[in-house]
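What follows is a set of notes on a single structure, which appears directly below.
Every read-out reported here was derived from the displayed coordinates using simple, explicitly stated rules and does not represent laboratory data. Worth saying up front: this structure is predicted, and the values here are computed from it rather than measured. Positions of Cβ are generated from backbone atoms using ideal geometry, with glycine treated the same way; all protein chains shown enter the neighbour counts.
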Amino acid sequence: MTGMPPSSFVPQKYSGPSPEEVLAMRSAHLHPAIFHYYKKPIMIVQGHGQWLFDHTGRRFLDGIGGIVTVSVGHCHPEVTAAAQRQQETIVHTTTLYLNPEVALFAKELAAKMPGDLKVCYFVNSGSEANDLAITMARAATSNYDIIALRNAYHGGSPGAMALTSHHTWKFNVPHAFGVQHAQMPDLYRGPFGADDPEAGAKYARDVKELVQFGTSGRIAAFIAESIQGVGGAVVLPDGYLRHAYEHARAHGGLCIADEVQSGFGRTGTHFWGFETQGVIPDIVTMAKGIGNGCPLAAVVTTPAIAKSIANRIHFNTFGGNPVSCAQGRAVLRVIEREKLQANCLARGAQLKEGFDRLARTHQIIGQVRGLGLMLGVELVKDRVTKEPASAECAAVFEACKDLGLLIGKGGLFGNTLRIKPPMCITAADAEFMIATLDRALAGL
Ligand SMILES: Cc1ncc(COP(=O)(O)O)c(C=O)c1O
């Protein structure tokens, strides 16, 4: 593909079922609520670093990392070796017996947390992590109500679906009740813009009002993604979490940060997204990038809050699985050794500067936003009315794929391009992304 940085990696020859056969099997035997990207779906059979390969050996630059999950690069040799070693030693024990991997991982992960966030619970997915966080908050406070945010995505289990605030992801069935959604703190579309230095405090006021008008006045928790991911890389205004946490705590609530997408150094300046807001939550949930693609997630909290669920047994068959923990430990080592947080900062700045440049020539770009390698480019038909350019966004997304770049798409109207590649991309990769987006936009 034009301008794609070279790679000496040679993928294996693929000899399995064809994409048509795979599609037919999916249609017949996988549930119909799953969907695939692209009019003609692509079949990815191998990954290496920031590269993905289809069944013909065609190479793509991965600009979305399996939805922000491949953190240190596909099949990173150290992560693969750690998992393989553990596979050959013991795969499954449960926490009923002592095994060093889960204890070591908990210690190493806790060392990455600020304040008194020192106790880890391991589960398998972000949804489970959020469910457990809510259970803990309710047990610890003896309160029931939860305040989440509009435009949030917290998962697909009945509990997490209740926290989620996007009709696209909510089935028309009863969700866990007791959740209300405060105003989306969006500087681009909301009533308070980036030119208002008090915007963070003003948006946070809705948390207080929701507690006062919609609950008994006592809540169990306030939960927010540190950057709204599925919602289109919406960055919270400065000071927002500080004020929202104050309101929540004043009404008995614990503060939960969902770091499923924004954690592990992706924001570039900090290891955790909430740190960009200068706050320390009471409970942090994490998944996706924690394991570079294996089913691994965690809830981290303080010893005092953790005690609240100690009066019952909490058991999770695969939580703390030795293979997943070995993989998670290797991910932490690689992030550190390869200085991937610093790379997120540098590459994120390069991409943002490049996308801002594109915004000067492509009127369809309404806003470029994000932190580090968690970026969004929102497309609008008109910069004044901000009418979402959803069809155009789909066309650009499709054109990028044809040009060799795979990215994501999000936001309530599906009009925001999401760029969240593995954290190991190079300066040449970032240039290719900018040039490819330029070409795709020019083709509209
Ligand atoms: C911010 C956030 N929280 C939670 C989840 C749910 O994670 P999982 O799909 O692993 O259940 C997601 C998934 O996209 C997410 O983006």
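Across bins of 10 angstrom width beginning at 0, how are the C-alpha pair distances of the chain distributed, in whole percent?
4, 21, 31, 27, 13, 3, 0
From the square roots a ≥ b ≥ c of the eigenvalues of the alpha-carbon gyration tensor of region 297-444, which class results: rounded (a/c under 1.5), prolate (a/b over b/c), or oblate? Don't skip to the answer; put the middle values down first.
Numbers: a/c = 2.64, a/b = 1.87, b/c = 1.41.
Prolate is the answer for region 297-444, as a/c is 1.5 or above and a/b outweighs b/c.
Could you tell me which of the pairs 107/170; 40/420; 202/409; 288/381; 40/339 are separated by over 26 angstrom between their Cα atoms in the structure shown?
Numbers: 107/170 36 Å; 40/420 23 Å; 202/409 29 Å; 288/381 33 Å; 40/339 37 Å.
Going by Cα-Cα distance, 107/170; 202/409; 288/381; 40/339 fall outside the 26 Å limit.
Skipping prolines and chain starts, which residues have an amide H placed within reach, meaning under 5 Å, of the one on residue 118, given they are 5 or more residues away or on another chain?
Placed amide hydrogens put 301, 302 under 5 Å from residue 118.
Of the peptides 166-174, 322-330, 371-379, how do they stack up when ordered by the mean number of other Cβ atoms within 10 Å, highest first?
Details: 166-174: 10.7, 322-330: 25.1, 371-379: 26.9.
The packing order, highest mean first, is 371-379, 322-330, 166-174.
Which aspartates and glutamates does residue 208 reach when only Cα atoms under 14 Å apart count, and residues fewer than 8 places away in its own chain are ignored?
Here the aspartates and glutamates satisfying the reach criterion relative to residue 208 are 145, 246.
Would you mind computing, in nm to one decimal, how far apart the modelled labels at residue 139 and residue 172 are, each placed 7 Å from Cα along Cα→Cβ?
3.7
Helix-only estimate, please: 222 nm mean residue ellipticity of the chain, summing -39500 (n - 2.57) across DSSP H runs of length 4 or more and dividing by its residues, to the nearest 500.
-11500 deg cm²/dmol
Could the peptides 136-143, 51-58 be put in order, highest first, of the mean number of other beta-carbon atoms found within 10 Å of their residues?
Values: 136-143: 19.8, 51-58: 17.5.
The most tightly packed comes first, giving 136-143, 51-58.
Sorted by packing (mean other beta-carbon atoms within 10 Å per residue), highest first, where do 11-18, 215-222, 357-364 land?
Values: 11-18: 11.2, 215-222: 21.4, 357-364: 14.5.
For the peptides 11-18, 215-222, 357-364, the packing ranking is 215-222, 357-364, 11-18.
So which helices of the chain fit the span-like rule, where a helix is a whole DSSP H run, its Cα atoms reach 24 Å or more along the axis, and its mean Kyte-Doolittle is at least -0.5?
Passing helices, by number: 340-361.
I need the fraction of alpha carbon pairs in region 77-337 separated by more than 36 Å, rounded to a whole percent. Walk me through the numbers on the way to the answer.
Values: 4184 of 33930 pairs.
Beyond 36 Å sits 12 percent of the P(r) for region 77-337.
Once amide H atoms are built 1.01 Å from N in the peptide plane, which residues 5 or more positions from residue 415, or in another chain, come under 5 Å H to H?
Placed amide hydrogens put 410 under 5 Å from residue 415.
When the Kirkwood radius is taken over all Cα pairs of region 307-367, what Stokes-Einstein diffusion coefficient follows at 25 °C and 0.890 mPa s, in µm²/s?
The diffusion coefficient I find is 154 µm²/s.
In the chain, what percentage of the DSSP-assigned beta bridges are antiparallel, given to the nearest 5?
Numbers: 33 of 49 bridges.
Close to 65 percent.
How far is it, in nm, from the label point at residue 317 to the one at residue 249 when both lie 7 Å from their Cα along the line to the Cβ?
Reported label-point gap for residue 317 and residue 249 is 4.0 nm.
Normalising by the residue count of the chain, find the relative contact order in percent from Cα pairs under 8 Å and 6+ residues apart. Walk me through the intermediate numbers first.
Details: 937 pairs, mean separation 93.4, N = 444.
Worked out over the chain, it gives 21 percent.
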